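Data first, discussion second: the structure below is written as structure tokens.
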2 protein chains.
Amino acid sequence: MTMNVIGYAARSAKDALVPHRFVRRDPRPDDVVIEILYCGVCHSDLHNVRNDWGHSVYPMVPGHEIIGRVVSVGPNVSRFKPGDPVGVGCMVDSCRHCAACEQGLEQYCEEIPTYTYNGIDRHDHMPTFGGYSEKIVASDKFVLKIPDGLDLKGAAPLLCAGITTWSPLRHWKVGKGSNVAVIGLGGLGHMALKLAKALGADHVVLSTDEKQMAAVNGRFELIIDTVPYVHDLNPYMPSLSISGTLVLVGFLGGLEPLLNTVPLIMGRKSVAGSVIGGIAETQELLDFCGKHGITSDIEVIKIQNINEAYERMLKSDVKYRFVIDMASLKG
Amino acid sequence: MTMNVIGYAARSAKDALVPHRFVRRDPRPDDVVIEILYCGVCHSDLHNVRNDWGHSVYPMVPGHEIIGRVVSVGPNVSRFKPGDPVGVGCMVDSCRHCAACEQGLEQYCEEIPTYTYNGIDRHDHMPTFGGYSEKIVASDKFVLKIPDGLDLKGAAPLLCAGITTWSPLRHWKVGKGSNVAVIGLGGLGHMALKLAKALGADHVVLSTDEKQMAAVNGRFELIIDTVPYVHDLNPYMPSLSISGTLVLVGFLGGLEPLLNTVPLIMGRKSVAGSVIGGIAETQELLDFCGKHGITSDIEVIKIQNINEAYERMLKSDVKYRFVIDMASLKG
């Protein structure tokens, strides 16, 4: 039973998103068919739609912060049953056998993960389509459980904005007593602040608050830099503690102006990067958010307003994430 | 009893080093007076002599890879006795109370360590003078024990070249089964190779060996970059493993060409820096080298040939470290 679904797609880098009918694959034995309830709007959706990274394929159905309910499961699936609230993030598959995959680091799969949209399925070699649509089909290994009681629409951004900041917080061992700074207060930055506080960090500072940044010389073990465009890192280095790390999660490109090595060497400091998180780690995040009642601060929109939402996102005119109510697709 | 000592000094950034008579301080109760037997010649001696970093004070007696024998100790010193073989490295003091000092990270002292030469003593505010001289006076806390049986002249470079590579090997937890690469095969690089192997690293590669660098994509958990001048880091990033670190120990300045963040983000990789090591860590290194019989590969020179040695060092014409036999001072 091939699925004919409706969604919103970009048909070229220049076009606005428009209603688009397309075919989802026949479910495989390990697949879960999901009715999409909500989908977060990520800055990278816009980058991909406009081909800012040069590898976009059209038509493109964006969306990788997907929350829905299970409609049906294949015969090999035992973790889910119809009606379960579930999530799908940025990946729907990976090679599953490289060193990274074996460590649960599918985001760093040596053979490149299969991205939820603008990717190519590893089995049928068809393009993948994302969450701005009524249904999605995904392998059960890449489907996340949403804990009971978590607000579903506020949970959508956890699948990308949440895990992108959770993963470095965990990798660099932020916990009780840690001092953490966040650069940039958008979808990622506001999640980083919430998560760091919930992890017990004593001192969590937003770098753009000058009062807070005064007298923080040598303070932070970790700075999470969520800024998605080129910017000077040098002014932040003095605020790192000895052996501290500034981790970039938003900007792909060359570090300009030149990064000065003196503060790195004279303080054993690091500049690092990190992208999303592994599947087990994403489940860990969702469970943590369920336990602590953490969701994203969102503005719910109808799919018909997606193009206007993109323009507002470009102006940072959203506190802090747009989430599409997919019921509007039927409206 | 003020000590009148002979050494070699630069009297300006333009002059060759010449014999120079100067006064060492009266020993304080916690001081050790050391007769210098050998002193290694570090590339930073030349940088300082020529004022490459802009903060040189003249006359300058360089030298911070010092090996000698204890002549006398102050009344508060119990760790040393006359005749003991000892070492002095890049620091002779630090504030001793900041967070870094309390963790044994005196090299990152928040109030800046007192450097062995071209520094200012914290107590008498007099300039410090280094190891190209017959005697030195240093606080016992900053004097290292040289293990029995270690070749004294080959041990001199451990005090800077050795600890500078040992500290990152330990901080980034290199051990049995680790994969480590070294960029640059000079005084630091050759020590990094020896120490990584002795720590049990399975795979230690010199990056400038093209054959060895073929097929090392994603291989190294740690790359120690000892190159002392500006160079492109981007070609090395693919050879780092997921979560791997390239640590700069030799180059102070801006990273040019621009460091690309894509491999950092898409592989959770880091670019870090590190400088020398703490006092306890330096003793750990010396004890390790004593146990494993590790010394630097050196060429012994007379102090009268120091200016020629500088010229040869600039051409990398030494395998791999010059060490001054200080007996030549009396010659």
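With respect to A:Ile265, is the statement that it is at pLDDT 95 or above and surrounded by fewer than 23 Cβ atoms within 10 Å (Cβ to Cβ) true?
yes
Can you spot a residue in region B:273-285 that is open to solvent by 10 Å² or more (accessible area, probe 1.4 Å), at the interface with chain A (Cβ under 8 Å from one of its Cβ atoms), among the hydrophobic types (A, V, I, L, M, F, W, C) and in a loop (DSSP other than H, G, I, E, B)?
Yes, region B:273-285 contains at least one residue that is open to solvent by 10 Å² or more (accessible area, probe 1.4 Å), at the interface with chain A (Cβ under 8 Å from one of its Cβ atoms), among the hydrophobic types (A, V, I, L, M, F, W, C) and in a loop (DSSP other than H, G, I, E, B).
Quick one: count up the residues across region B:43-54 that are open to solvent by 10 Å² or more (accessible area, probe 1.4 Å) and at pLDDT 95 or above.
3
Identify the single condition in (1) within 14 Å of another protein chain (Cβ to nearest Cβ); (2) open to solvent by 20 Å² or more (accessible area, probe 1.4 Å); (3) within 20 Å of A:Gly267 (Cβ to Cβ); (4) touching an Asp or Glu at 6+ places or on another chain (Cβ under 8 Å) that A:Asn234 does not satisfy, given that it satisfies every other one.
For A:Asn234, the exception is condition (4).
What number of residues within region B:307-324 satisfy the criterion of being closer than 19 Å to B:Cys160 by Cα and assigned to a helix (DSSP H, G or I)?
Start the filter on region B:307-324 by keeping residues that are closer than 19 Å to B:Cys160 by Cα, which leaves B:309-310, B:313-314, B:316, B:318-324.
Retained after the next criterion (residues that are assigned to a helix (DSSP H, G or I)): B:309-310, B:313-314.
Count: 4.
Can you confirm whether A:Leu222 is open to solvent by less than 20 Å² (accessible area, probe 1.4 Å), at pLDDT 95 or above and facing chain B (nearest Cβ under 8 Å)? Break it down into steps so the answer makes sense when it comes.
Numbers: open to solvent by less than 20 Å² (accessible area, probe 1.4 Å): yes; at pLDDT 95 or above: yes; facing chain B (nearest Cβ under 8 Å): no.
Spelling it out, it is not the case that A:Leu222 is open to solvent by less than 20 Å² (accessible area, probe 1.4 Å), at pLDDT 95 or above and facing chain B (nearest Cβ under 8 Å).
Considering only residues that are in a loop (DSSP other than H, G, I, E, B) and touching a strand residue (DSSP E or B) at 6+ places or on another chain (Cβ under 7 Å), which ones fall in region A:254-265?
Once the filter is applied, which keeps residues that are in a loop (DSSP other than H, G, I, E, B) and touching a strand residue (DSSP E or B) at 6+ places or on another chain (Cβ under 7 Å), region A:254-265 yields A:Leu258, A:Leu259, A:Thr261.
Any idea which of (1) open to solvent by 20 Å² or more (accessible area, probe 1.4 Å); (2) small (Gly, Ala, Ser); (3) closer than 30 Å to A:Pro263 by Cα is the one B:Ser94 doesn't satisfy?
Exception for B:Ser94: condition (1).
Considering only residues that are surrounded by 21 or more Cβ atoms within 10 Å (Cβ to Cβ) and touching a strand residue (DSSP E or B) at 6+ places or on another chain (Cβ under 6 Å), which ones fall in region A:111-127?
A:Pro113, A:Thr114, A:Thr116, A:Asn118
Please specify each residue of region B:170-181 satisfying the condition of being crowded, with 24+ Cβ neighbours inside 10 Å and in a helix (DSSP H, G or I).
None; the set is empty.
Can you tell me which of (1) open to solvent by 50 Å² or more (accessible area, probe 1.4 Å); (2) within 12 Å of chain B (Cβ to nearest Cβ) is the one A:Ser316 doesn't meet?
Just one mismatch for A:Ser316, condition (2).
Here is a check on your reading of the model: is B:Leu258 under 17 Å from B:Lys194 (Cβ atoms) and among the aliphatic types (A, V, I, L, M)?
Criteria not met by B:Leu258.
Every residue in region A:250-266 that is acidic (Asp, Glu) and more than 7 Å from chain B (Cβ to nearest Cβ), please.
none
Quick one: would you say A:Leu246 is outside any loop (DSSP other than H, G, I, E, B) and within 14 Å of chain B (Cβ to nearest Cβ)?
Yes.
Could you please tell me which pairs satisfy a Cβ distance under 9 Å, a separation of 6+ or placement on different chains, a first residue in region A:125-151 that is farther than 20 Å from A:Asp325 by Cα, and a second residue that is open to solvent by 60 Å² or more (accessible area, probe 1.4 Å) and part of a strand (DSSP E or B)?
A:Met126/A:Val23; A:Met126/A:Ile120; A:Pro127/A:Ile120; A:Thr128/A:Tyr115; A:Thr128/A:Ile120
Residue-by-condition table, conditions (1) part of a loop (DSSP other than H, G, I, E, B); (2) more than 14 Å from chain A (Cβ to nearest Cβ):
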| position | (1), (2) |
| --- | --- |
| B:Asn48 | no, yes |
| B:Trp53 | yes, no |
| B:Val70 | no, yes |
| B:Val77 | yes, yes |
| B:Lys81 | yes, yes |
| B:Val86 | no, yes |
| B:Cys101 | no, no |
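The values are calculated or read from the model by the stated rules, or taken from the named source; none is laboratory data. Keep in mind it's a predicted model, so treat the numbers as computed, not measured. Note that we place each Cβ from the backbone using ideal geometry, even for glycine, and neighbour counts take in every protein chain shown. These accessible areas exclude ligands, DNA and RNA; they are computed on the full protein's heavy atoms, side chains included. Shrake-Rupley method; radii C 1.70, N 1.55, O 1.52, S 1.80 Å.
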